[in-house]
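Below is one structure, written out as structure tokens; comments come after it.
A short reminder: the numbers here are calculations on the coordinates, not readings from a lab. Predicted model only: the values in this text are computed from it and were never measured. Note that each Cβ is placed from the backbone with ideal geometry, even for glycine, and that neighbours are counted across all protein chains shown.
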Amino acid sequence: MHSAAPQLSLFPADDPHADSAHGEVAAGVSIRESARARRLSIKVFPRGKVEVVVPRRTRPADVAEFVAENATWIANARESFAAIHPPEPFKLPKSINLPAIGHVVWVCYLKDNGVKGVRYRHNDDTLTLSGAIGDEKLCVKAIRRWLAVIARQSFQPRLTSLSTLTGISYSRMQIRAQRTCWGSRSSSGTLSLNLCLLFLAPELLRYLMIHELCHGRHMNHSKRFWQLVGRYEPGYRKLDRQLTECWQEVPSWLGIY
């Protein structure tokens with residue numbers, strides 16, 4: 001496994017080392033194994049999602065017991081966040097705004113009783129979902145697939161341009177839907193960018209790319225790292241603070257935060 005630079009988190013208190021999702025142990029509680037975790041821990045996100053980070057090879061029974069023991073704490077944390085961020089009712093979008101690339105699409109839903117899944121077709125300013133559109137989860141999955149394609153197509157030329165500007169190379173770019181970070185860079189030079197960056201302002205997308213490229217020179221957040229970032233983005237301090245709150249810009253129907 002390749003080591004990675006510290007990830008630029010979505011939330012101020014995120015664990016940057018959780019590396020894969022492994023289902024749910026209870027309603028609304030997802031489990032993630034971490035190669036670096038030494039004990040079980042719980043994170044409650046502002047919209048009420050709960051993640052339990054566990055060391056590898058932790059027994060499911062131990063995880064279930066841990067969640068049960070902390071049920072009261074989880075409930076209290078969710079109530080506290082709900083007071084600040086009221087729950088949003090789920091509703092499939094009629095339109096999708098992607099500020100990072102200045103693009104808005106209207107979403108059209110076409111039912112096809114002969115199809116079990118949901119397909120998407122994108123044409124100019126219209127995204128058409130067809131098939132079993134009565135299944136909301138399948139619709140969201142189809143939109144996520146489309147977003148991943150759009151992110152890959154639109155992020156690649158921007159990243160290439162910034163790589164040329166900074167003189168810092170990378171081996172490849174991958175698009176993911178991380179729950180806990182906007183982006184990361186591995187020691188092998190792979191840049192992982194969150195597809196949810198599409199919902200942020202263009203200047204935040206640019207800053208995130210510069211941030212991760214600069215980890216190609218410094219795989220840490222040292223003074224020298226921030227000096228390098230500042231060379232290409234003088235306003236990085238303000239932008240970095242904004243990123244800790246920008247999860248609110250990601251639509252709740254996407255089901256990530």
Suppose only helical runs count, i.e. DSSP H with n ≥ 4. What mean residue ellipticity at 222 nm does that imply for the chain under -39500 (n - 2.57) per run, divided by all residues and rounded to the nearest 500 deg cm²/dmol?
-11000 deg cm²/dmol
Virtual spin-label span in nm between Asp112 and Thr126, 7 Å along Cα→Cβ
1.5
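Starting from the Cα gyration tensor of region 191-257, take the square roots of the eigenvalues, sort them a ≥ b ≥ c, and report rounded, prolate or oblate (rounded when a/c is under 1.5, otherwise prolate if a/b is larger than b/c, else oblate).
Working: a/c = 2.48, a/b = 1.93, b/c = 1.28.
Cα axes put region 191-257 in the prolate bin.
By DSSP, what percent of the beta bridges with both residues in the chain are antiparallel, rounded to the nearest 5? Numbers along the way, then the final one.
Numbers: 25 of 42 bridges.
Here the share of antiparallel DSSP bridges comes out near 60 percent.
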List nothing, just return the count: lysine pairs in the chain, 8 or more apart or interchain, with Cα separation under 25 Å.
19
Calculated on alpha-carbon atoms, Rg and Dmax of region 107-147 in Å:
9.3, 27
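Local charge sum around Arg119 (other residues, Cβ-Cβ under 14 Å, Lys/Arg +1, Asp/Glu -1)? The partial results should precede the final answer.
Details: positive: Lys111, Lys116, Arg121, Lys141, Arg144, Arg145; negative: Asp112, Asp135.
The answer is +4.
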Quick one: if the Förster radius is 22 Å, what FRET efficiency do Lys91 and Asp135 give, using the C-beta to C-beta distance and rounding to 0.05?
0.90
Using only the alpha-carbon atoms, what does the chain span along each of its principal axes? Please give whole angstrom values in decreasing order.
52, 50, 36
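What's the extension gain from His103 to Trp73 if we count 0.36 nm per residue and subtract their Cα-Cα distance?
Working: separation 30, 0.36 × 30 = 10.80 nm, distance 4.13 nm.
Roughly 6.7 nm would be gained on extension.
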One finds the C-alpha centres of region 171-225 and region 94-135 to be spaced, in Å, by 28
